[in-house]
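What follows is a set of notes on a single structure, which appears directly below.
Every read-out reported here was derived from the displayed coordinates using simple, explicitly stated rules and does not represent laboratory data. Keep in mind that this is a model prediction, so the values were computed, not measured. Methodologically, a virtual Cβ is constructed for each residue, glycine included, from the backbone with ideal geometry; neighbour enumeration extends over all protein chains shown.
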């Protein structure tokens, strides 16, 4: 009997040691962050700004590698299929984790099953803007015209099924306005036409529009976040303007392949939060027009699932499906 008890204690201790070993040994070589988009975009800039501080917090070099293509799905699928050891991470975003998967019928990975949320980095609010020659300069004027002429105000997005498009659908659903959605092949072409007043309004991530707003080339009507942006303190939120509870935007965060030991995920999360506490890095992100996020693994996992369900509901109501 005593021998049996002793063996159980030994095996129990061995199991605990085996579970803790990955975190104790991790990391002992460089870590790779896959960015599923081309260089110089918002997600890429986010990763490259983070890498030095994250590497310092982990005590290892962090390498950023771009693996673009197919709307971010190639790089995301590569991480989903990578070894679950914490050495290959994904710089995921709404487009590849929540809003995109909510509208795409076929994906080479399941963001909720094949990837593990590690921790968030930042949140970029969406801003509703008007063209320089648009016959409205405030949200009240925009809404009044939309009610007087349903379906006539043109509003641009980065494309059908994009985060911007879903934000437009959510606005129409929650405000009762009927707008004419004009999808483009990316934010760049849409913004060009907005600047030239070929389209009357647009919803886009704040970082992409902020310099044009500051220069007076386009008019900011409202912000999509819960609180006003410190970058545009005079621009009210849609919630303030009567669209109660409205919130839309895009997030970025780190994800690991499913099966990565929980202890390793927690260790990366702790290092990420330490890196994001650096004031120089926070200021760099603030200048981009984004808000730094801070969550533990459990809270970020819940956030990701809720965001996915939110946009899936919007996509269903608007009947948005991309084959």
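Counting only alpha carbon atoms, the long axis of helix 139-148 and the longest principal axis of the chain meet at about 60°.
Tell me the mean residue ellipticity at 222 nm calculated for the chain from its helices only (DSSP H runs of n ≥ 4, each -39500 (n - 2.57), averaged over every residue, nearest 500). Walk me through the numbers on the way to the answer.
On the way: 12 runs with 145 residues, N = 323.
Per the formula, -14000 deg cm²/dmol.
Between 0 and 90 degrees, the angle of helix 42-58 with respect to the longest Cα principal axis of the chain falls at about 30 degrees.
Highest mean packing first, where packing is the average number of other Cβ atoms within 10 Å per residue, the peptides 250-257, 124-131 line up as 124-131, 250-257. What's the angle, to the nearest 10 degrees (0 to 90), between helix 262-276's Cα axis and the longest principal axis of the chain? It works out to around 50 degrees.
If I take every Cα pair under 8 Å that is 6 or more residues apart in the stretch 125-223, average their sequence separation and divide by the length, what percent do I get for the relative contact order?
47 percent
Extension gain for the segment residue 319 to residue 263, taken as residue separation times 0.36 nm less the Cα-Cα distance, is 16.1 nm to one decimal. Pick from 175, 201, 162: which is most flexible by mean-square fluctuation in a GNM of the chain where alpha carbon atoms under 10 Å apart are linked? Per the Cα network of the chain with a 10 Å cutoff, 175 tops the list.
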